[in-house]
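The values are calculated or read from the model by the stated rules, or taken from the named source; none is laboratory data. These numbers come from a predicted model, not from an experiment. Heads up, the Cβs are rebuilt from the backbone with ideal geometry, glycines too, and the neighbour counts pull from every protein chain shown. Heads up: the accessible areas ignore ligands, DNA and RNA and are worked out on the full protein's heavy atoms, side chains in. Shrake-Rupley method; radii C 1.70, N 1.55, O 1.52, S 1.80 Å.
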Amino acid sequence: MNRFVKQYRCTICNTCHGVKEVDGLTCPTCGEQGILDVLYDYDAMKKIVNLDYFKQHKDLTMWRYAPLLSIIPNRHDEMLETGWTPLHQARRIHEHLGVRKLLIKDEGANPSGSLKDRASAIAVLDALNKKQQTLACSSTGNAASSLACHAARMGLSTVIFVPKRAPLGKLAQLAIYGSKVIAVDGDYKQAYALSKQAIQTYGWYNRNAAINPHLVEGKKTVALEIAEQCDFKPTDWIAVSVGDGCTIAGVFKGFFDLKQLGLIDHIPRLLGVQSKGCAPFVQAFHKKGTLVEAEENTLADSIAVGIPRNPVKALSAVAESKGHWIAVSDEAILEMMVKLGSTEGIFAEPAAAAGLAGVRQAVAEGIIKAEESVTFIMTGNGLKDPDNARKAVRPPTLLKPSLADLKKHMENIGEQEHAQGTFWPDLS
Ligand SMILES: *Cc1c(COP(=O)(O)O)cnc(C)c1O
């Protein structure tokens with residue numbers, strides 16, 4: 001345990017528990033629902049973590065933030081390099097969105113291609129500390145593929161529960177990383193329920209992000225980085241897509257920590273983006289009520305979460321940052337995938353592109369103002385889901401290897417930006 005960790009606070013009953021009082025991962029009184037938040041002694045942390053610390057620290061990975069994490073990352077130097085992903089300034093797409101400035105945090109540059117690597121790397125090091133050999137989780141895809149990736153590197157094994165609709169790229173990753181994959185003949189909710197029973201039965205390390213408070217701490221490193229990469233003057237808004245709610249909770253926590261340490265003067269407003277086909281947070285926000293289970297009816301698989309597992313942290317992250325929730329259609333997501341790829345050279349999976357589609361809609365609705373600046377967290381690489389990418393674009397053209405045929409074709413398409421092809425290689 002990091003020496004700056006003071007207590008755990010239950011997000012349901014608000015009771016603070018001493019570190020030694022908590023045996024499992026959740027609140028001893030509230031059980032499974034009692035997701036814990038890690039509380040730090042910021043006064044003590046301040047003495048170590050200040051501007052000088054960041055100036056002098058040479059490690060350009062997420063582990064440069066080790067003093068702000070809840071686990072001791074022994075052996076992190078043996079891990080695949082995770083974090084310190086690029087923060088690009090948009091060159092063109094901000095004009096299309098109608099904002100003054102857009103920064104793109106490219107989490108696709110992590111080892112397994114998504115932001116989930118930040119949480120999975122923590123899980124693997126925590127399991128090593130606890131001498132556990134097998135890790136398990138249920139996942140819409142990225143939590144699993146990132147866990148399998150980091151566990152493989154460190155010689156641990158993984159058992160993964162995925163809903164049967166998980167996209168091909170993610171399933172391929174799992175198989176290549178050598179994971180035991182159980183594709184559950186059901187949706188994410190059902191995959192989650194089975195993983196929970198299995199973890200209890202077999203005593204595996206639990207990497208279900210909502211339940212395990214250390215994982216949100218890992219995810220917060222994305223916010224710590226964004227702030228540092230902006231010289232501790234982050235943009236007005238941070239936009240990110242939301243499924244279970246752990247990512248946005250982590251983003252808030254990172255900025256919250258920096259505010260407590262006096263390194264930033266305000267927390268950026270958070271824009272939580274969901275797909276219209278599965279938007280329980282957006283509904284709860286507009287009805288000012290509690291979360292109601294939603295259908296999982298979207299092609300953005302990573303945010304197709306009908307029963308979010310981290311509702312309290314996610315709702316309060318947006319509320320406390322004076323942010324907003326918004327839902328976007330699958331069509332808007334696909335359109336934004338193409339726009340982002342073709343104007344900035346960045347390929348996002350649908351769930352990631354949803355965040356940017358949310359920015360456009362928030363600008364259209366006057367929630368984000370034209371003179372404001374935005375950081376969009378691009379949460380996952382588009383290569384993970386080629387099938388949905390195909391839906392967003394026209395197919396390539398199939399031609400005989402003949403210059404004459406090519407010339408005819410070039411004349412036909414003329415000034416059209418995209419060729420009207422009809423050919424897709426068979427992926428099945
Ligand atoms: C998991 C994931 C999200 C959402 O994160 P939650 O913690 O489930 O809210 C968004 N985008 C991608 C690509 C993801 O893998």
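Restricting attention to region 250-261, does a residue exist that is assigned to a loop (DSSP other than H, G, I, E, B), more than 9 Å from the ligand (Cβ to nearest atom) and more than 12 Å from V374 (Cβ to Cβ)?
Yes, there is a match, as at least one residue in region 250-261 is assigned to a loop (DSSP other than H, G, I, E, B), more than 9 Å from the ligand (Cβ to nearest atom) and more than 12 Å from V374 (Cβ to Cβ).
If I go through region 1-13 residue by residue, how many of them are in contact with a Ser or Thr (Cβ under 8 Å, 6 or more places away or on another chain) and free of Cβ contacts under 8 Å to residues at least 60 places away in the same chain?
3
Report every pair of residues separated by at least 6 positions or lying on different chains whose Cβ atoms are under 6 Å apart, first residue within region 347-369 and over 14 Å from H94 (Cβ atoms), second aliphatic (A, V, I, L, M) and part of a loop (DSSP other than H, G, I, E, B).
Between residues of region 347-369 that are over 14 Å from H94 (Cβ atoms) and residues that are aliphatic (A, V, I, L, M) and part of a loop (DSSP other than H, G, I, E, B), the close pairs are P350/L299; P350/A300; A351/A300; A354/A300.
Give me the pairs, please: first residue somewhere in region 14-32 and farther than 16 Å from H214 by Cβ, second residue anywhere and open to solvent by less than 40 Å² (accessible area, probe 1.4 Å), beta-carbon distance under 6 Å, and either six or more positions apart or on two chains.
C30/C10; E32/T26
Have a look at A127, A166 and point out the one that is open to solvent by less than 20 Å² (accessible area, probe 1.4 Å) and either modelled with pLDDT under 95 or within 14 Å of the ligand (Cβ to nearest atom) (or both). Step through it out loud before you land on a result.
Numbers: A127 fails: either modelled with pLDDT under 95 or within 14 Å of the ligand (Cβ to nearest atom) (or both).
After ruling out the rest, the residue left standing is A166.
Condition (residue is outside any helix (DSSP H, G or I) and either within 14 Å of the ligand (Cβ to nearest atom) or surrounded by 24 or more Cβ atoms within 10 Å (Cβ to Cβ) (or both)) applied to region 183-202: is it met by at least one residue? I'd like the intermediate steps shown before the answer.
Within region 183-202, the first condition is being outside any helix (DSSP H, G or I), and the residues that meet it are 183-187.
Pick out the ones that are also either within 14 Å of the ligand (Cβ to nearest atom) or surrounded by 24 or more Cβ atoms within 10 Å (Cβ to Cβ) (or both) and you get none.
The answer is no, given that none of the residues of region 183-202 is outside any helix (DSSP H, G or I) and either within 14 Å of the ligand (Cβ to nearest atom) or surrounded by 24 or more Cβ atoms within 10 Å (Cβ to Cβ) (or both).
Determine which single condition K313 fails, assuming it passes every other condition in (1) among the charged types (D, E, K, R); (2) closer than 22 Å to C10 by Cα; (3) without any contact (Cβ under 8 Å) to a residue 24 or more places away in the chain.
(3)
Would you point out the residue of region 70-120, among those that are hydrophobic (A, V, I, L, M, F, W, C) and in a strand (DSSP E or B), that is farthest from K384 (Cα to Cα)? Before the answer, list the steps.
Filtering region 70-120 down to residues hydrophobic (A, V, I, L, M, F, W, C) leaves 71-72, 79-80, 84, 87, 90, 93, 97, 99, 102-104, 109, 115, 119.
Then keep just the ones that are in a strand (DSSP E or B); that gives 87, 102-104.
On the way: L87: 21, L102: 24, L103: 23, I104: 19 Å.
This residue is L102.
Say we look at region 214-249 and pick out the residues that are β-branched (V, I, T) and in a strand (DSSP E or B); which of these is farthest from the ligand (Cβ to nearest atom)?
From region 214-249, those β-branched (V, I, T) are 216, 221-222, 226, 235, 238, 240, 242, 247-248; that's our starting set.
The next check asks that each one be in a strand (DSSP E or B); those that pass are 238, 240.
Numbers: I238: 13, V240: 7 Å.
That would be I238.
Identify all residues within region 370-387 that are part of a loop (DSSP other than H, G, I, E, B) and either free of Cβ contacts under 8 Å to residues at least 24 places away in the same chain or surrounded by fewer than 18 Cβ atoms within 10 Å (Cβ to Cβ) (or both); write none if there are none. So that I can check it myself, show each step before the final result.
First, the residues of region 370-387 that are part of a loop (DSSP other than H, G, I, E, B): 370-372, 379, 385.
A370, E371, E372, listed by residue number.
Could you figure out which of (1) within 13 Å of the ligand (Cβ to nearest atom); (2) in contact with a Gly (Cβ under 6 Å, 6 or more places away or on another chain); (3) more than 19 Å from H94 (Cα to Cα) isn't true of G306?
(2)
Somewhere in region 103-120, is a residue among the acidic types (D, E), away from the ligand (no atom under 16 Å from the Cβ) and open to solvent by 10 Å² or more (accessible area, probe 1.4 Å)?
Filtering region 103-120 down to residues among the acidic types (D, E) leaves 106-107, 117.
From the residues that got through so far, the ones that are away from the ligand (no atom under 16 Å from the Cβ) too are none.
The answer is no; no qualifying residue exists.
Exactly one of these conditions fails for H214: (1) touching a residue at least 60 places away in the same chain (Cβ under 8 Å); (2) in contact with a His (Cβ under 8 Å, 6 or more places away or on another chain); (3) open to solvent by 10 Å² or more (accessible area, probe 1.4 Å). Give me its number.
Here H214 clears every test but (2).
From the list E293, E349, E331, E365, exactly one residue is within 16 Å of the ligand (Cβ to nearest atom), out of contact with any Ser or Thr (no Cβ under 9 Å at 6 or more places or on another chain) and acidic (D, E). Which is it? Break it down into steps so the answer makes sense when it comes.
Working: E349 fails: out of contact with any Ser or Thr (no Cβ under 9 Å at 6 or more places or on another chain); E331 fails: within 16 Å of the ligand (Cβ to nearest atom); E365 fails: within 16 Å of the ligand (Cβ to nearest atom).
When all the criteria are applied, what remains is E293.
Picking from A304, A294, A317, which residue would you name as being at pLDDT below 95, within 18 Å of the chain's Cα centre (by Cα) and not charged (D, E, K, R)? Lay out the reasoning, then the answer.
Values: A294 fails: within 18 Å of the chain's Cα centre (by Cα); A317 fails: at pLDDT below 95.
One residue alone meets the criteria, A304.
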